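For reference, the structure is listed below as structure tokens.
The values are calculated or read from the model by the stated rules, or taken from the named source; none is laboratory data. Only a predicted model underlies this, so the values are computations on that prediction, with no experimental measurement involved. No Cβ is skipped: glycine too gets one built from the backbone with ideal geometry, and neighbour counts run over all protein chains shown. The accessibility values were calculated without ligands, DNA or RNA, using every heavy atom of the protein model including side chains. Shrake-Rupley method; radii C 1.70, N 1.55, O 1.52, S 1.80 Å.
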Amino acid sequence: MKPFVDLHDVTHVYARAEDGVPAVKNLTLRIHEGEFAAIVGPSGCGKSTLMKLATGLQFPREGTVFVDGRQVEAPVKLAGMAFQNPTMLPWRTTLDNILLPLEIVEPHRGRLRRNKAEYVAKAEGLLEQVGLKGQGHKYPWQLSGGMQQRASLCRALIHEPKLLMLDEPFGALDSFTREELWCVMRDLHAAQKVTIILVTHDLREAAFLADRIFCMSARPGRIVAEREVAFPRPRDLEITYSPEFSALVHELRGHIAQARRAA
Amino acid sequence: MRTKNQLALAPWIFTIGFFVLWEVACRALGISSFILPAPSTILLAVWEYRIQLGYHALHTLWMTVAGFGLAVAFGLLLGMVLGSSRLINAGSYPLLVGFNSIPKVAVVPILVFWFGVGWVPPVLTAFLISFFPIVVNVATGIATVEPEMEDVLRALGASKRDIVFKVGVPRAMPYFFGSLKVAITLAYVGSVIGEQNASNVGIGNLLTRASAAFEVPLVWAALVVLAVLGVVMYAITAYAERSMTGWAQRSQMAA
């Protein structure tokens, strides 16, 4: 399989970094099409930088970034993003928030006005998939944090992106809501065949959701370990209590602990 | 429910109480109406000069609204430019602050050199004095768009323009409407200053003439008319704010 996201020997220093220490250094990462990849690491290891590099929001000082076979020289336009903060616009209803990407991305941008009903139906379908059926008319601030995060996932997916970037999307939620959303995410991945890069602190989350897990070192970040996750799909939450799962989480924890010590 | 009624009544009770106290103080202490006329004297003067006051008040209102309208249009435009470009923002800020620091009454003579005495100096004074808060607030609203939101849109290929119009401008609306309440009051001050120094009509001009002729009750009557007009204009902008940006006023603090 050809890699869909291919970062080769990438070093990146932010222009505003005062100490001049690179955020990531000699980082190499290959993610296949349709794969669910998770990136874990100690805080401040450059995980978010990696996301920005892969979506063309930042360009590497050294090395190359290819996405979908093309070198990234501008924002990639085929990505959807969701963050820890749901960033819904409070003056739009949830449905209009979800439709926002369509007002930006071609070809939807040009045909949104005339085909509104079709797009609204699609948004309603997504809302149903994440368990928010019939809630589209509410304003985001009338929804709970978990519901806003579900809506934020819908917004990230409405334009059928080929690449979905998730930056600790469940970090601010309570553990029950988080596990519920893991299952939502698992089902969305199964249904949409989208390539997903999940950046997270939560090792159980990575182990439950991902096909492959990359461990990053402390800043300057690079990949120190790569681990296939062999649990068959569809996965049930029950597997998180199996000894194999615990062993995997324990192993990952070892890598992170080592990365923290090395820093 | 009781506190709600009390809250609704409180402004009336306080206002009426204030004038009653004033009246009582004037009568009890026998204050000369040349120093401080009693409210009843002022009210009589308002009635006596009603036609003159009405004519001049309408003129002042018109000057204020015209200057305010210019300030809104210009303020929105400049605010959008400053909010979306850090370079222009940083570069022009000292100029803007410096300009805003000049007392506008000092600018009126220059306006008179340029445009002569008439309707232009009051309108321009109102405009010059009131656009600054609008610019600053709109620029702040646009410049403080959450970086995550910007990333979401930029990763979709959104241009700077898209981000400013889809997120920045709507986001700046509560700031904008908040600044209108400040701006309308300032515009009013501006138009009256302009009229006092460079116009033959308007409440400002009436004030200048009445005080030169020591017509004390007329001066006070003009002040009362000014106050009432000011409250009305403020109330209209406050109402516009509430009806336009309800989404931003959902906190308990605003209730």
Could you tell me whether any residue of region A:99-107 is away from every other protein chain (no Cβ under 12 Å) and either of a type in the set (Lys, Arg) or crowded, with 16+ Cβ neighbours inside 10 Å (or both)?
no
Considering region B:142-168, residues that are outside any loop (DSSP other than H, G, I, E, B), closer than 14 Å to A:Met88 by Cβ and among the β-branched types (Val, Ile, Thr), and then whichever is modelled with the highest pLDDT, we arrive at B:Val167
Restricted to region A:79-115, and to residues that are among the charged types (D, E, K, R) and modelled with pLDDT of 85 or more, which residue is farthest from the chain's Cα centre (by Cα)?
A:Arg92
Test result for A:Ala74, crowded, with 22+ Cβ neighbours inside 10 Å, within 21 Å of the chain's Cα centre (by Cα) and among the small types (Gly, Ala, Ser)
no
Collect the residues in region A:188-203 that are open to solvent by 40 Å² or more (accessible area, probe 1.4 Å) and modelled with pLDDT of 90 or more, keeping them in residue-number order.
none
So which of A:Gly20, A:Gly69, A:Gly63 is at pLDDT below 80 and away from chain B (no Cβ under 14 Å)?
A:Gly20
Applying the selection to region A:137-159, what residues are at the interface with another protein chain (Cβ under 10 Å from one of its Cβ atoms), open to solvent by less than 30 Å² (accessible area, probe 1.4 Å) and assigned to a helix (DSSP H, G or I)?
A:Pro140, A:Ser152, A:Arg155, A:Ala156
Residues in region A:23-50 that are outside any strand (DSSP E or B) and surrounded by fewer than 23 Cβ atoms within 10 Å (Cβ to Cβ) total 7
With respect to B:Arg171, determine if the residue is of a type outside the set (A, V, I, L, M), surrounded by fewer than 21 Cβ atoms within 10 Å (Cβ to Cβ) and within 14 Å of another protein chain (Cβ to nearest Cβ).
no
Going through (1) more than 29 Å from B:Ala248 (Cα to Cα); (2) outside any loop (DSSP other than H, G, I, E, B); (3) in contact with an Asp or Glu (Cβ under 8 Å, 6 or more places away or on another chain); (4) within 14 Å of another protein chain (Cβ to nearest Cβ) one by one, A:Gly110 fails only at (3)
So which helices (runs of 4 or more DSSP H) stay within region A:166-263 end to end and still have 3 or more residues that are under 27 Å from A:Leu27 (Cβ atoms) and basic (Lys, Arg)?
A:243-262
The correct count of residues that are more than 9 Å from chain A (Cβ to nearest Cβ) and either among the aliphatic types (A, V, I, L, M) or within 21 Å of B:Phe74 (Cα to Cα) (or both) in region B:134-162 is 14
